[in-house]
Amino acid sequence: MKAVVSEKGQVTIPKQVRDRLGIEPGQELDFTDEDGRLVARKVQDRNPLDAVYGLLDLRGGTDAYLDDLRGPVELP
């Protein structure tokens with residue numbers, strides 16, 4: 001597959017390639033050159049858990065938080 005570079009340096013990635021690699025509008029790509037070849041890699045998004053890490057206020061600790069949610073656990 002071929003693509004033409006515009007005057008602004010823009011290239012359209014062929015649809016077959018975008019579909020196969022899961023490249024969607026807004027996807028960030030990282031470009032490098034390796035042995036005279038242009039290589040584009042998708043930039044990995046942050047782990048979704050990293051985005052919410054630390055949001056809970058656990059001053060009393062995890063056990064106290066769960067007791068607040070469920071009520072205290074009675075041991076036999």
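Annotations for the structure displayed:
- For region 4-20, residues that are assigned to a loop (DSSP other than H, G, I, E, B), surrounded by fewer than 10 Cβ atoms within 10 Å (Cβ to Cβ) and not small (G, A, S) total 5.
- Subset tally (residues that are modelled with pLDDT of 80 or more and touching a helix residue (DSSP H, G or I) at 6+ places or on another chain (Cβ under 9 Å)) for region 41-58: 1
- When region 60-76 is limited to residues that are surrounded by fewer than 10 Cβ atoms within 10 Å (Cβ to Cβ) and in a loop (DSSP other than H, G, I, E, B), the one that is farthest from the chain's Cα centre (by Cα) turns out to be P76.
- Selection over region 41-59 of residues that are among the aliphatic types (A, V, I, L, M) and either closer than 30 Å to R20 by Cα or not in a loop (DSSP other than H, G, I, E, B) (or both) gives a count of 4.
- Any hit, region 27-39, residues being surrounded by 10 or more Cβ atoms within 10 Å (Cβ to Cβ) and free of Cβ contacts under 8 Å to residues at least 12 places away in the same chain: yes
The values are calculated or read from the model by the stated rules, or taken from the named source; none is laboratory data. Everything numeric here is computed off the predicted structure, so don't read it as measured data. Reconstructed Cβ throughout: ideal geometry from the backbone, glycine too, with neighbour counts over all protein chains shown.
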